[in-house]
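The values are calculated or read from the model by the stated rules, or taken from the named source; none is laboratory data. This is a predicted model, so every value here is computed, not measured. A quick note on method: Cβ atoms are made from the backbone with ideal geometry, for glycine too, and the neighbour counts reach across all protein chains shown. Side chains are part of the model used for accessible areas, which takes the heavy atoms of the whole protein and leaves out ligands, DNA and RNA. Shrake-Rupley method; radii C 1.70, N 1.55, O 1.52, S 1.80 Å.
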2 protein chains.
Amino acid sequence: MGEIRVLTESDLRQAVGLGLEELAAVEAVYPIISSGDASMPPIMRIDVPEHNGEIDIKSAYLPGYPGIAVKLSAGFFDNPDRGLPSLGGLMVVLDSETGIPQSALFDNGYLTDLRTGLAGAVAAKHLAREGEVVMGVIGAGVQALLQFKALNLVRNVTRGLIWARRSEAARRFADELSSTTGIEFTVAENVADVLSEADVVATTTPATSPLVDASMLRPGLHITAVGSDAESKQELDAGVVMTAEVFACDSIAQSARLGELRAALDAGFDKAGAVELGQIIDASSPGRTSEDDVTVCDLTGTGAQDTAIASLAVQRCMELGLGTTIDT
Amino acid sequence: MGEIRVLTESDLRQAVGLGLEELAAVEAVYPIISSGDASMPPIMRIDVPEHNGEIDIKSAYLPGYPGIAVKLSAGFFDNPDRGLPSLGGLMVVLDSETGIPQSALFDNGYLTDLRTGLAGAVAAKHLAREGEVVMGVIGAGVQALLQFKALNLVRNVTRGLIWARRSEAARRFADELSSTTGIEFTVAENVADVLSEADVVATTTPATSPLVDASMLRPGLHITAVGSDAESKQELDAGVVMTAEVFACDSIAQSARLGELRAALDAGFDKAGAVELGQIIDASSPGRTSEDDVTVCDLTGTGAQDTAIASLAVQRCMELGLGTTIDT
């Protein structure tokens, strides 16, 4: 039939990272989602109750893109007991004109981490105040690090604050970033202390009850909520969504089901008050209209981002001659 | 992280075919579906309207099975204009205890063809009359051939009749089977003529209006309807479902949405009159109770079959040392 390019995490890490072209690739998908031109079905989930696991499948066809990525994300929460990571996954890219498989990307979740970090930067680019910013990070995992690094693509970060449930992890995070980036990163006592000083905050936890409430908001703040991607998760109290001058999200349908919009709607928030990031990017919605606005962007993660980052990664790997080609 | 076994269509054709172990593997899944023990989400579909294409994703976790298959089926109906087949696809198998990807099966749809052929044999094994049978085939494609060959695993086929819209294809099919199998295969004038003589009939077309109506039924007949797997497709008139003594299907939920049960329910058929093949296999439903019963089985195709055939194929390929192993 043809040939398949098999790419490993190592290949993909060589090919794509936190760069401006990658940022532009992720940014480009939001207006396509919001215009309704993407074919992006709801997430498919296969539960594996015996092993405390689940597989989530995301995909999207974007008109004009040469490939369609289908992403399998695995979360198996007994894995740490076996010395294995909880999260993993892979992507397959099919030719969008013929449906023929082109590439298999065994990225162990790297591309998901990357496009999620970049999505936070896209949100901040369009919603956070201009100029120098103090960054706040809630959580101390991979995504906390990527949200910080990606924000530097779009804003001049002068100082950082972190709070995490695991205070030792927060300490290590702050020490490492302070020494490697030259940007002073300090550990805060609590979430409220982070919000009292930060201009841009990324919440990156698997919290199932709100960490941020409306009393912590102050004029000019921007929050990107990255953690919630399931019915059971929530990082922001409904009052945060209801108080903010702008509540944006990557996909209203997904945020209402799996993200921060869910609890807010339950609490009486009017869905008409939510806008998609794509509407702000294409200027069909104004976004921030004053220095004092509080803006929130909830990211649940979309198959469109996967198609965008996978398309760029495959193109780069082909240019660089990376991967193994197998005749099929 | 580990290693991935990449298998091509050629590897998979060497590893699995129309055998009794393959038949048993497919047969075993139906009671798991019907008992509710399988995790089998609805089919995910990505539409690609610009290229007259769609990608369907099926999957299932079956307790006790070492792997979970996720299957991508591509149907791109402008492909023949480019000299390419319309249908294709691949499967990925993840370890069911850890979620870690184990194998990528670039089968171009071979495993789907195979498990669908075997499913027809499973249906006939449990529903068709015992003893020698005359087989009728409606349609002259790959699945017509596989339904015929697979039936020979479970019944003594003495003679064959075929009707297809493309009469030349029907003629080639009959000539080839007559010469290669020694079983006399003749071309019928129309569908009614096939049903007037055949004991077991497989309908294998993409028909969007019924080919078989209740007036064509005669005592003792068994029909397996393989074609309908979409809202727009239908091979059997609602009267066939309503008249048959037994109406079975692989999955009631899927048949009601995508299969022959859909039109019958619209016409007033009581869903309680439908049984799943798994209920007949595990004897919780009696199935055929007399030589004169008319039995119908509608197969829409399930992710559970994909997990079953992929599991067996991967095991065989490992035993045979087939495929390419890539460190990830």
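For the reader, a short list of remarks on this structure follows.
- Region B:275-307, residues that are in a loop (DSSP other than H, G, I, E, B) and touching a helix residue (DSSP H, G or I) at 6+ places or on another chain (Cβ under 7 Å): B:ASP282, B:SER285, B:GLY287, B:ARG288, B:VAL294, B:LEU299, B:THR300, B:GLY301, B:THR302
- Residue count, region A:288-297 (criterion: over 19 Å from the mean Cα position of the chain (by Cα) and open to solvent by less than 80 Å² (accessible area, probe 1.4 Å)): 4
- The listed residues are A:VAL157, A:VAL191, and the only one of them that is within 20 Å of the chain's Cα centre (by Cα) and among the β-branched types (Val, Ile, Thr) turns out to be A:VAL157.
- Which listed residue, of A:ALA253, A:ALA263, A:ALA310, A:ALA272, is open to solvent by less than 10 Å² (accessible area, probe 1.4 Å) and not in a loop (DSSP other than H, G, I, E, B): A:ALA310
- Exactly one residue out of A:GLY136, A:GLY120, A:GLY131 is closer than 25 Å to A:VAL275 by Cα and under 12 Å from the mean Cα position of the chain (by Cα): that is A:GLY120.
- Selection within region B:108-136 - within 25 Å of B:GLY287 (Cα to Cα), open to solvent by 10 Å² or more (accessible area, probe 1.4 Å) and outside any helix (DSSP H, G or I): B:ARG129, B:GLU130, B:GLY131, B:GLU132, B:VAL134
- Which listed residue is of a type in the set (S, T, N, Q), modelled with pLDDT of 95 or more and crowded, with 24+ Cβ neighbours inside 10 Å, from A:THR243, A:THR204: A:THR204
- Scanning region A:1-38 for residues that are of a type in the set (S, T, N, Q) and closer than 19 Å to A:TYR110 by Cβ gives A:THR8, A:SER10, A:GLN14.
- Residues of region B:313-328 satisfying the condition of being open to solvent by less than 30 Å² (accessible area, probe 1.4 Å) and out of contact with any helix residue (DSSP H, G or I) (no Cβ under 6 Å at 6 or more places or on another chain): B:VAL314, B:ILE326
Okay, residues lined up against (1) open to solvent by 20 Å² or more (accessible area, probe 1.4 Å); (2) of a type in the set (Asp, Glu); (3) free of Cβ contacts under 8 Å to residues at least 24 places away in the same chain:
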{"site": "A:LYS149", "(1), (2), (3)": "yes, no, no"}
{"site": "A:ARG159", "(1), (2), (3)": "yes, no, no"}
{"site": "A:ALA169", "(1), (2), (3)": "no, no, no"}
{"site": "A:SER179", "(1), (2), (3)": "yes, no, yes"}
{"site": "A:VAL187", "(1), (2), (3)": "yes, no, no"}
{"site": "A:ASP193", "(1), (2), (3)": "yes, yes, no"}
{"site": "A:VAL200", "(1), (2), (3)": "no, no, no"}
{"site": "A:ALA225", "(1), (2), (3)": "no, no, no"}
{"site": "A:GLN234", "(1), (2), (3)": "yes, no, no"}
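Listed here are the residues, each with its yes/no results for (1) within 19 Å of A:VAL226 (Cα to Cα); (2) in contact with a Pro (Cβ under 9 Å, 6 or more places away or on another chain).
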{"residue": "A:ALA274", "(1), (2)": "yes, no"}
{"residue": "A:SER285", "(1), (2)": "no, no"}
{"residue": "A:ASP292", "(1), (2)": "no, yes"}
{"residue": "A:CYS297", "(1), (2)": "yes, no"}
{"residue": "A:THR300", "(1), (2)": "yes, no"}
{"residue": "A:ALA304", "(1), (2)": "yes, no"}
{"residue": "A:ALA310", "(1), (2)": "no, no"}
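- Region B:82-95, subset surrounded by 24 or more Cβ atoms within 10 Å (Cβ to Cβ) and more than 7 Å from every other protein chain (Cβ to nearest Cβ), residue nearest to A:GLN102 (Cα to Cα): B:GLY89
- Of residues in region B:235-269 being under 17 Å from B:ALA119 (Cβ atoms) and β-branched (Val, Ile, Thr), the one nearest to the chain's Cα centre (by Cα): B:ILE252
- Hits in region B:34-81 - residues which are surrounded by fewer than 17 Cβ atoms within 10 Å (Cβ to Cβ) and within 7 Å of another protein chain (Cβ to nearest Cβ): B:ARG45, B:ASP47, B:GLU50, B:PRO63
- So B:ASP282, is it within 14 Å of chain A (Cβ to nearest Cβ), touching a residue at least 40 places away in the same chain (Cβ under 8 Å) and surrounded by fewer than 17 Cβ atoms within 10 Å (Cβ to Cβ): no
- The residues of region B:96-107 that are surrounded by fewer than 24 Cβ atoms within 10 Å (Cβ to Cβ) and facing chain A (nearest Cβ under 9 Å), listed by number, are B:GLU97, B:THR98, B:ILE100.
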